[in-house]
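Participant: Have a look at this one before I ask anything.
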Amino acid sequence: MFSEKHGNILHGILLIALFSCAAFYLADTQPARSLSFSPLILGILLGMLYANSLRNHLPETWVPGILFCSKQLLRAGIVLYGFRLTFQSVAAIGAPAIGIDAAVVAGTLLLGVLLGRALKMDRDLALLTSTGSAICGAAAVLGAEPVVKAAPHKTAVAVSMFLYPALWRAGILGLTPEQMGLYTGATLHEVAHVVGAGNAMGAEIADGAVIVKMIRVMMLAPVLLVMSLLLARRTKGGAGRAKVTIPWFAFGFLAVIGFNSLDLLPEAAVAGINSFDTFLLTMAMTALGAETSIEKFKRAGAKPFLLAGLLYLWLLGGGYLLSRWIL
(Lines give C-alpha, C1' and ligand atoms only; values in the text may rest on other atoms or scores of the structure.)
Protein backbone atom coordinates (compact mmCIF):
# COMPACT_ATOMS: atom_id res chain seq x y z
CA MET A 1 0.00 0.00 0.00
CA PHE A 2 1.25 3.50 -0.85
CA SER A 3 1.72 5.05 2.60
CA GLU A 4 1.11 8.68 3.55
CA LYS A 5 4.82 9.08 4.31
CA HIS A 6 5.79 7.97 0.81
CA GLY A 7 3.12 10.25 -0.62
CA ASN A 8 4.59 13.25 1.19
CA ILE A 9 8.06 12.41 -0.09
CA LEU A 10 6.63 12.11 -3.58
CA HIS A 11 5.04 15.56 -3.25
CA GLY A 12 8.44 17.09 -2.49
CA ILE A 13 10.05 15.26 -5.41
CA LEU A 14 7.30 16.34 -7.81
CA LEU A 15 7.68 19.94 -6.65
CA ILE A 16 11.41 19.88 -7.42
CA ALA A 17 10.72 18.15 -10.75
CA LEU A 18 8.28 20.93 -11.65
CA PHE A 19 10.86 23.61 -10.88
CA SER A 20 13.42 21.64 -12.91
CA CYS A 21 11.11 21.53 -15.92
CA ALA A 22 10.76 25.30 -15.62
CA ALA A 23 14.56 25.58 -15.48
CA PHE A 24 14.86 23.61 -18.74
CA TYR A 25 12.27 25.85 -20.37
CA LEU A 26 14.00 29.05 -19.23
CA ALA A 27 17.42 27.72 -20.30
CA ASP A 28 16.12 27.53 -23.86
CA THR A 29 15.24 31.23 -23.97
CA GLN A 30 17.47 33.77 -25.66
CA PRO A 31 18.49 35.67 -22.49
CA ALA A 32 19.58 32.46 -20.77
CA ARG A 33 21.51 31.25 -23.81
CA SER A 34 23.29 34.60 -24.16
CA LEU A 35 24.39 34.37 -20.50
CA SER A 36 25.32 30.67 -20.82
CA PHE A 37 22.85 29.84 -18.04
CA SER A 38 22.34 26.09 -18.06
CA PRO A 39 19.30 24.34 -16.52
CA LEU A 40 21.49 23.51 -13.52
CA ILE A 41 22.28 27.16 -12.82
CA LEU A 42 18.66 28.23 -13.32
CA GLY A 43 17.50 25.34 -11.16
CA ILE A 44 19.41 26.54 -8.11
CA LEU A 45 18.16 30.09 -8.70
CA LEU A 46 14.56 28.89 -8.76
CA GLY A 47 15.21 26.79 -5.67
CA MET A 48 16.62 29.77 -3.78
CA LEU A 49 13.63 31.87 -4.84
CA TYR A 50 11.30 29.19 -3.49
CA ALA A 51 13.28 28.83 -0.23
CA ASN A 52 12.90 32.51 0.60
CA SER A 53 9.30 32.98 -0.51
CA LEU A 54 6.86 30.08 -0.95
CA ARG A 55 8.48 27.47 1.29
CA ASN A 56 6.87 28.76 4.49
CA HIS A 57 3.44 28.35 2.91
CA LEU A 58 3.86 24.70 1.88
CA PRO A 59 3.59 21.60 4.13
CA GLU A 60 6.76 20.70 6.07
CA THR A 61 5.96 17.07 5.27
CA TRP A 62 7.23 17.76 1.74
CA VAL A 63 10.74 18.52 3.02
CA PRO A 64 11.93 14.86 2.99
CA GLY A 65 11.24 14.73 -0.74
CA ILE A 66 13.32 17.86 -1.29
CA LEU A 67 16.17 16.41 0.80
CA PHE A 68 15.93 13.18 -1.19
CA CYS A 69 16.58 15.18 -4.36
CA SER A 70 19.51 17.10 -2.87
CA LYS A 71 21.22 13.95 -1.60
CA GLN A 72 20.19 10.67 -3.23
CA LEU A 73 19.43 12.12 -6.67
CA LEU A 74 22.67 14.10 -6.58
CA ARG A 75 24.68 10.95 -5.91
CA ALA A 76 22.83 9.06 -8.64
CA GLY A 77 23.43 11.95 -11.05
CA ILE A 78 27.15 12.00 -10.30
CA VAL A 79 27.41 8.23 -10.81
CA LEU A 80 25.68 8.53 -14.19
CA TYR A 81 27.93 11.49 -15.07
CA GLY A 82 30.61 8.86 -15.59
CA PHE A 83 28.99 8.10 -18.97
CA ARG A 84 30.37 11.44 -20.19
CA LEU A 85 33.96 10.42 -19.44
CA THR A 86 36.47 7.66 -20.12
CA PHE A 87 39.62 6.59 -18.34
CA GLN A 88 41.52 7.82 -21.37
CA SER A 89 40.31 11.35 -20.62
CA VAL A 90 41.01 10.90 -16.92
CA ALA A 91 44.59 9.81 -17.65
CA ALA A 92 45.14 12.98 -19.68
CA ILE A 93 44.56 15.16 -16.61
CA GLY A 94 45.27 12.72 -13.74
CA ALA A 95 48.69 13.81 -12.45
CA PRO A 96 47.99 17.58 -12.31
CA ALA A 97 44.60 16.85 -10.70
CA ILE A 98 46.13 14.80 -7.89
CA GLY A 99 48.78 17.44 -7.30
CA ILE A 100 46.43 20.39 -7.01
CA ASP A 101 43.86 18.43 -4.99
CA ALA A 102 46.47 17.35 -2.44
CA ALA A 103 47.75 20.92 -2.10
CA VAL A 104 44.27 22.38 -1.75
CA VAL A 105 43.08 19.81 0.81
CA ALA A 106 46.19 20.01 3.00
CA GLY A 107 46.48 23.80 2.78
CA THR A 108 42.79 24.42 3.52
CA LEU A 109 42.69 22.09 6.53
CA LEU A 110 45.82 23.61 8.06
CA LEU A 111 44.72 27.18 7.42
CA GLY A 112 41.21 26.49 8.69
CA VAL A 113 42.38 25.03 12.00
CA LEU A 114 44.76 27.96 12.58
CA LEU A 115 42.11 30.55 11.70
CA GLY A 116 39.59 28.76 13.92
CA ARG A 117 41.94 29.14 16.87
CA ALA A 118 42.50 32.81 16.07
CA LEU A 119 38.71 33.37 15.95
CA LYS A 120 38.29 31.46 19.24
CA MET A 121 35.86 29.08 17.57
CA ASP A 122 34.80 25.70 18.89
CA ARG A 123 37.51 23.28 17.74
CA ASP A 124 35.12 20.71 16.33
CA LEU A 125 33.11 23.30 14.39
CA ALA A 126 36.30 24.86 13.00
CA LEU A 127 37.57 21.41 11.96
CA LEU A 128 34.31 20.52 10.22
CA THR A 129 34.04 23.87 8.47
CA SER A 130 37.63 23.50 7.27
CA THR A 131 37.01 19.94 6.08
CA GLY A 132 33.91 21.07 4.24
CA SER A 133 35.84 23.85 2.50
CA ALA A 134 38.75 21.53 1.71
CA ILE A 135 36.74 18.68 0.20
CA CYS A 136 32.95 18.48 0.16
CA GLY A 137 30.99 20.10 2.96
CA ALA A 138 27.90 17.91 3.01
CA ALA A 139 29.83 14.64 3.22
CA ALA A 140 32.18 16.06 5.86
CA VAL A 141 29.28 17.14 8.07
CA LEU A 142 27.65 13.73 7.72
CA GLY A 143 30.98 12.18 8.68
CA ALA A 144 30.84 13.80 12.11
CA GLU A 145 27.14 14.49 12.55
CA PRO A 146 27.16 14.04 16.37
CA VAL A 147 29.19 17.27 16.53
CA VAL A 148 27.46 19.57 14.04
CA LYS A 149 24.37 19.16 11.85
CA ALA A 150 24.62 22.12 9.48
CA ALA A 151 26.86 23.24 6.65
CA PRO A 152 27.45 26.95 7.28
CA HIS A 153 29.73 27.44 4.31
CA LYS A 154 27.11 26.93 1.62
CA THR A 155 26.40 30.63 1.09
CA ALA A 156 29.92 31.37 -0.13
CA VAL A 157 29.85 28.26 -2.29
CA ALA A 158 26.62 29.30 -3.99
CA VAL A 159 28.09 32.71 -4.80
CA SER A 160 31.32 31.23 -6.16
CA MET A 161 29.44 28.90 -8.49
CA PHE A 162 28.01 31.90 -10.34
CA LEU A 163 31.25 33.88 -10.08
CA TYR A 164 33.48 31.38 -11.88
CA PRO A 165 31.57 31.25 -15.19
CA ALA A 166 31.26 35.06 -15.18
CA LEU A 167 35.00 35.51 -14.68
CA TRP A 168 35.72 32.90 -17.35
CA ARG A 169 33.43 34.49 -19.94
CA ALA A 170 34.92 37.92 -19.23
CA GLY A 171 38.44 36.60 -19.84
CA ILE A 172 39.63 38.05 -16.53
CA LEU A 173 41.32 34.91 -15.21
CA GLY A 174 43.57 34.32 -18.20
CA LEU A 175 43.41 30.53 -17.81
CA THR A 176 43.33 27.91 -20.54
CA PRO A 177 40.33 25.52 -20.57
CA GLU A 178 42.52 22.85 -18.97
CA GLN A 179 43.61 25.23 -16.21
CA MET A 180 40.05 26.44 -15.67
CA GLY A 181 38.88 22.85 -15.26
CA LEU A 182 41.56 22.29 -12.62
CA TYR A 183 40.68 25.54 -10.88
CA THR A 184 36.95 24.85 -10.79
CA GLY A 185 37.20 21.24 -9.62
CA ALA A 186 39.86 21.94 -7.00
CA THR A 187 38.24 24.97 -5.35
CA LEU A 188 34.43 24.67 -5.46
CA HIS A 189 33.14 22.67 -2.47
CA GLU A 190 30.02 20.82 -3.58
CA VAL A 191 30.03 18.33 -6.46
CA ALA A 192 26.77 19.82 -7.71
CA HIS A 193 28.34 23.27 -7.89
CA VAL A 194 31.31 21.96 -9.87
CA VAL A 195 28.93 20.32 -12.33
CA GLY A 196 26.84 23.50 -12.56
CA ALA A 197 29.76 25.89 -12.99
CA GLY A 198 31.56 23.60 -15.43
CA ASN A 199 28.42 23.08 -17.47
CA ALA A 200 28.05 26.85 -17.82
CA MET A 201 31.56 27.08 -19.31
CA GLY A 202 31.39 24.20 -21.76
CA ALA A 203 31.96 20.44 -21.90
CA GLU A 204 35.74 20.76 -22.24
CA ILE A 205 35.98 22.53 -18.88
CA ALA A 206 33.15 20.60 -17.22
CA ASP A 207 34.69 17.17 -17.86
CA GLY A 208 38.08 18.13 -16.45
CA ALA A 209 36.50 19.93 -13.49
CA VAL A 210 34.43 16.88 -12.52
CA ILE A 211 37.45 14.58 -12.74
CA VAL A 212 39.45 16.89 -10.48
CA LYS A 213 36.51 17.21 -8.07
CA MET A 214 35.92 13.47 -7.84
CA ILE A 215 39.60 12.83 -7.11
CA ARG A 216 39.23 15.43 -4.35
CA VAL A 217 36.10 13.70 -3.05
CA MET A 218 38.00 10.40 -2.92
CA MET A 219 40.43 12.09 -0.51
CA LEU A 220 37.52 12.49 1.91
CA ALA A 221 37.75 8.87 3.08
CA PRO A 222 41.22 9.07 4.70
CA VAL A 223 40.52 12.58 6.01
CA LEU A 224 37.30 11.40 7.70
CA LEU A 225 39.08 8.43 9.22
CA VAL A 226 41.71 10.67 10.80
CA MET A 227 39.08 13.20 11.90
CA SER A 228 36.95 10.45 13.45
CA LEU A 229 39.89 9.22 15.51
CA LEU A 230 40.74 12.73 16.70
CA LEU A 231 37.14 13.46 17.68
CA ALA A 232 36.78 10.11 19.43
CA ARG A 233 39.90 10.75 21.54
CA ARG A 234 38.29 13.91 22.94
CA THR A 235 35.04 12.11 23.82
CA LYS A 236 34.85 10.77 27.37
CA GLY A 237 34.26 7.06 27.69
CA GLY A 238 33.94 6.67 23.92
CA ALA A 239 30.34 7.93 23.96
CA GLY A 240 29.20 9.90 20.95
CA ARG A 241 31.94 8.54 18.76
CA ALA A 242 31.96 10.23 15.36
CA LYS A 243 30.48 8.14 12.56
CA VAL A 244 32.61 7.85 9.44
CA THR A 245 30.80 8.29 6.14
CA ILE A 246 32.55 6.96 3.06
CA PRO A 247 31.47 8.62 -0.23
CA TRP A 248 30.55 5.40 -2.01
CA PHE A 249 29.03 7.31 -4.92
CA ALA A 250 32.58 8.32 -5.89
CA PHE A 251 33.45 4.65 -6.42
CA GLY A 252 30.27 4.20 -8.48
CA PHE A 253 31.33 7.17 -10.59
CA LEU A 254 34.68 5.48 -11.30
CA ALA A 255 32.97 2.16 -12.09
CA VAL A 256 30.72 3.85 -14.67
CA ILE A 257 33.72 5.57 -16.25
CA GLY A 258 35.39 2.15 -16.53
CA PHE A 259 32.31 0.67 -18.17
CA ASN A 260 32.00 3.62 -20.54
CA SER A 261 35.68 3.28 -21.47
CA LEU A 262 34.88 -0.13 -22.98
CA ASP A 263 32.56 1.54 -25.53
CA LEU A 264 29.92 -1.19 -25.22
CA LEU A 265 26.80 0.96 -25.54
CA PRO A 266 25.66 2.65 -28.75
CA GLU A 267 25.99 6.42 -28.94
CA ALA A 268 22.21 6.90 -28.90
CA ALA A 269 21.90 5.02 -25.60
CA VAL A 270 24.72 7.03 -24.01
CA ALA A 271 23.13 10.26 -25.24
CA GLY A 272 19.82 9.25 -23.67
CA ILE A 273 21.51 8.46 -20.36
CA ASN A 274 23.30 11.80 -20.43
CA SER A 275 20.04 13.67 -21.06
CA PHE A 276 18.37 11.87 -18.16
CA ASP A 277 21.40 12.58 -16.00
CA THR A 278 21.23 16.30 -16.79
CA PHE A 279 17.65 16.33 -15.52
CA LEU A 280 18.64 14.48 -12.33
CA LEU A 281 21.44 16.97 -11.68
CA THR A 282 19.08 19.87 -12.33
CA MET A 283 16.70 18.44 -9.74
CA ALA A 284 19.58 18.10 -7.28
CA MET A 285 20.68 21.70 -7.89
CA THR A 286 17.11 22.96 -7.49
CA ALA A 287 16.74 21.08 -4.21
CA LEU A 288 20.08 22.46 -3.02
CA GLY A 289 18.81 25.96 -3.71
CA ALA A 290 15.60 25.14 -1.85
CA GLU A 291 17.70 24.53 1.28
CA THR A 292 19.31 27.98 1.04
CA SER A 293 17.13 30.13 3.28
CA ILE A 294 18.25 33.33 4.99
CA GLU A 295 16.86 32.18 8.36
CA LYS A 296 19.12 29.12 8.45
CA PHE A 297 22.21 31.24 7.91
CA LYS A 298 21.19 33.68 10.65
CA ARG A 299 20.94 30.81 13.14
CA ALA A 300 24.46 29.60 12.28
CA GLY A 301 26.11 32.69 13.79
CA ALA A 302 28.84 34.91 12.41
CA LYS A 303 32.06 33.01 13.13
CA PRO A 304 31.44 29.98 10.88
CA PHE A 305 30.60 32.36 8.02
CA LEU A 306 33.74 34.39 8.68
CA LEU A 307 35.92 31.29 8.70
CA ALA A 308 34.25 29.94 5.56
CA GLY A 309 34.66 33.32 3.87
CA LEU A 310 38.37 33.48 4.70
CA LEU A 311 38.88 29.93 3.43
CA TYR A 312 36.95 30.83 0.28
CA LEU A 313 39.34 33.71 -0.37
CA TRP A 314 42.24 31.28 0.02
CA LEU A 315 40.64 28.87 -2.44
CA LEU A 316 39.87 31.65 -4.88
CA GLY A 317 43.40 33.08 -4.81
CA GLY A 318 45.55 30.12 -3.81
CA GLY A 319 43.71 27.72 -6.11
CA TYR A 320 44.15 30.15 -8.99
CA LEU A 321 47.92 30.35 -8.48
CA LEU A 322 48.19 26.57 -8.07
CA SER A 323 46.23 26.00 -11.30
CA ARG A 324 48.59 28.25 -13.24
CA TRP A 325 51.67 26.73 -11.65
CA ILE A 326 50.78 23.01 -11.82
CA LEU A 327 49.48 23.07 -15.42
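The values are calculated or read from the model by the stated rules, or taken from the named source; none is laboratory data. This is a predicted model, so every value here is computed, not measured. Virtual Cβ from ideal backbone geometry, glycine too; neighbours counted across all protein chains shown. What goes into the accessible areas is simple: the full protein's heavy atoms, side chains included, and nothing from ligands, DNA or RNA. Shrake-Rupley method; radii C 1.70, N 1.55, O 1.52, S 1.80 Å.
Participant: Pick out the one residue from Ala186, Ala192 that is at pLDDT 80 or above and buried (at least 24 other Cβ atoms within 10 Å of the Cβ).
Facilitator: Values: Ala192 fails: at pLDDT 80 or above.
The unique qualifying residue is Ala186.
Participant: Which residue out of Leu281, Leu230, Leu254 is hydrophobic (A, V, I, L, M, F, W, C), over 30 Å from Leu14 (Cβ atoms) and modelled with pLDDT of 70 or more?
Facilitator: Leu254
Participant: Scan region 302-318 and report the pairs whose first residue is touching a residue at least 60 places away in the same chain (Cβ under 8 Å) and whose second residue is outside any helix (DSSP H, G or I) and of a type in the set (Gly, Ala, Ser), with Cβ atoms within less than 9 Å and a gap of 6+ or a chain change.
Facilitator: Within 9 Å, the pairs are Pro304/Ala150.
Participant: Which residues, taken from region 100-133, are closer than 16 Å to Leu315 by Cβ and open to solvent by 20 Å² or more (accessible area, probe 1.4 Å)?
Facilitator: Passing the criteria: Ala102, Ala103, Ala106, Gly107, Leu109, Leu110, Leu111, Val113, Leu114, Leu115.
Participant: Restricting region 239-251 to residues that are of a type in the set (A, V, I, L, M, F, W, C) and either open to solvent by less than 80 Å² (accessible area, probe 1.4 Å) or in contact with a helix residue (DSSP H, G or I) (Cβ under 7 Å, 6 or more places away or on another chain) (or both), which is modelled with the lowest pLDDT?
Facilitator: Looking at the filtered set, the residue picked out is Ala242.
Participant: Another question, if that's okay. Looking at (1) small (Gly, Ala, Ser); (2) in contact with a helix residue (DSSP H, G or I) (Cβ under 7 Å, 6 or more places away or on another chain); (3) within 30 Å of Leu10 (Cβ to Cβ); (4) modelled with pLDDT of 80 or more, find the lone condition where Ser293 falls short.
Facilitator: Failed condition: (4).
Participant: Let me ask something additional. Just the residues that are crowded, with 16+ Cβ neighbours inside 10 Å and among the β-branched types (Val, Ile, Thr), please, taken from region 55-76.
Facilitator: Val63, Ile66
Participant: Sticking with this one: List the number of the failed condition for Met180; all other conditions in (1) surrounded by 24 or more Cβ atoms within 10 Å (Cβ to Cβ); (2) at pLDDT below 80 hold.
Facilitator: Condition (2) is where Met180 drops out.
Participant: Let me ask something else. Which residues, taken from region 77-99, are surrounded by fewer than 19 Cβ atoms within 10 Å (Cβ to Cβ), small (Gly, Ala, Ser) and under 20 Å from Asp277 (Cβ atoms)?
Facilitator: Hit for region 77-99 is Ser89, nothing else.
Participant: Residue by residue through region 12-54, note down the ones that are of a type outside the set (A, V, I, L, M) and buried (at least 18 other Cβ atoms within 10 Å of the Cβ).
Facilitator: Selection gives Gly12, Phe19, Ser20, Phe37, Ser38, Pro39, Gly43, Gly47, Tyr50.
Participant: Would you pick out the residues in region 61-85 that are at pLDDT below 80 and either within 15 Å of Leu182 (Cβ to Cβ) or in contact with a Ser or Thr (Cβ under 9 Å, 6 or more places away or on another chain) (or both)?
Facilitator: Result: Leu85, single match.
Participant: Let me ask something additional. Consider Ala269 carefully, then state whether it is part of a helix (DSSP H, G or I) and open to solvent by less than 20 Å² (accessible area, probe 1.4 Å).
Facilitator: Here the answer is no, as Ala269 does not meet what is asked.
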